[in-house]
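I have placed the structure first, in the form of structure tokens, so that the comments after it can refer back to it.
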Amino acid sequence: MRDSYDVIINPLTTEKAVKLMESENKLIVITARKSKKQEIKNAAEKLFNVKVIRVNTMILTNGKKKAYLTLDKSTPAIDVATQLGLI
């Protein structure tokens, strides 16, 4: 298993990402291209200390991989972003 810092590269803080944090309790992160959904889920739970319900991924046109992490209702995504210093 790879290190969590090798799987998740950085979280995104675009306007769309902040809107999804507030409305749907989702975090958006850029991940390593070869990482699998289970690896992303485990890395996010370890790094951010949250419970991840679902992971959706997509490959961007620039070759990077973006993951949408749906978090459990007990941990709001906006609070996680504030702890990370994103907002």
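Can you pull out the residues in the stretch 50-87 that are modelled with pLDDT of 95 or more, closer than 17 Å to residue 5 by Cβ and surrounded by fewer than 17 Cβ atoms within 10 Å (Cβ to Cβ)?
64
Say whether the condition of being buried (at least 18 other Cβ atoms within 10 Å of the Cβ), at pLDDT 95 or above, of a type in the set (A, V, I, L, M) and not in a helix (DSSP H, G or I) is met by at least one residue in the stretch 34-47.
no
For the stretch 6-25, enumerate the residues that are surrounded by 11 or more Cβ atoms within 10 Å (Cβ to Cβ), farther than 13 Å from residue 76 by Cα and in contact (Cβ under 8 Å) with a residue 12 or more places away in the chain. Before the answer, list the steps.
Start the filter on the stretch 6-25 by keeping residues that are surrounded by 11 or more Cβ atoms within 10 Å (Cβ to Cβ), which leaves 6-9, 11-13, 17-22, 24-25.
Among the residues that remain, those that are also farther than 13 Å from residue 76 by Cα are: 6-9, 11-13, 17.
Answer for the stretch 6-25, where residues must be surrounded by 11 or more Cβ atoms within 10 Å (Cβ to Cβ), farther than 13 Å from residue 76 by Cα and in contact (Cβ under 8 Å) with a residue 12 or more places away in the chain: 6, 7, 8, 9, 11, 12, 13.
Report every pair of residues separated by at least 6 positions or lying on different chains whose Cβ atoms are under 6 Å apart, first residue within the stretch 34-52 and without any contact (Cβ under 8 Å) to a residue 24 or more places away in the chain, second surrounded by 18 or more Cβ atoms within 10 Å (Cβ to Cβ) and assigned to a helix (DSSP H, G or I).
From residues that are without any contact (Cβ under 8 Å) to a residue 24 or more places away in the chain, the pairs are 52/41; 52/44.
The values are calculated or read from the model by the stated rules, or taken from the named source; none is laboratory data. All of these numbers come straight from a predicted model, not from anything done at the bench. A quick note on method: Cβ atoms are made from the backbone with ideal geometry, for glycine too, and the neighbour counts reach across all protein chains shown.
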